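The block underneath contains the structure these notes are about, expressed in structure tokens.
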Amino acid sequence: MLSQVLAALKSLRDWLSLPGPAEVPIHVARRIDLQLQRNDILVGWVQAGLVVAFALLYAVSIGLMQAHSFLPFPSEIIALANGMVYGPFWGTVITWIGAMLGAASTFALVRVLGRPFAYRFLSARHRDQIAVWSLDQGVHTLLIARLIPLIAFNLINYGAALTDISWWTFLWATGLGILPLTILLNVLGDGMLSMPAWAWLLLFALAALIWLLTRGAWRRGNRREDFNGPRR
């Protein structure tokens, strides 16, 4: 009778996978190792999820800057938010990439579709004048316009695409021209809640200096053009 009870208990133990007394240390070690493996798998999934989440977040930030070239909303808010979320360096990189993608997209769209349509309504003389202006003043005008925050970003994209400014000239002048304001906005976004008063004054003074320099360069260029006339 006793042997039958012991046999039944042994069968129940085997069915439940319960260890015997001598096997307890081994069983516990296996359980701990299995739990650690499960934890490693969980940690791996969490890390992969974080990578995907941050990649999507970066893509959304870049996409918003690109969408700004087609939709009327202020890109300065996005740049400030990028500075707050990603910091001044990566915020600047993300904002700059998004702005460049948007500028290139609108330039390509207007250059391929809009310019041929617009040129149908221009005489040969006016087209020649646009070509001469693009050669003489196009690069300087584009670069200075990019440095002045008061001139709409999208308006510059559309206007440049209607001229004879080359793709390469448009890209490097845009990339260089938007960089100071992009850095400034992301620095402001990063320290918006913690920057001391003197830092705000310094940034505003720097912005005013850039504006004065670009305004002076613009006026000198116009006076030189009025005095000499366009080159033939």
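Each reported figure results from applying straightforward, stated rules to the coordinates on display, with no laboratory input. Source: prediction; values computed, not measured. Here Cβ is always computed from backbone atoms with ideal geometry, including for glycine, and neighbour counts include all displayed protein chains.
Quick look at the numbers
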quantity	calculated
Calculated FRET efficiency for the pair V52/L176, C-beta based, R₀ 30 Å, to 0.05	0.35
Neighbour-count ranking [beta-carbon atoms within 10 angstrom, fewest first] of Y86, Y58	Y58, Y86
Exposure proxy ranking, count of Cβ atoms within 10 Å, fewest first, for R111, R146	R111, R146
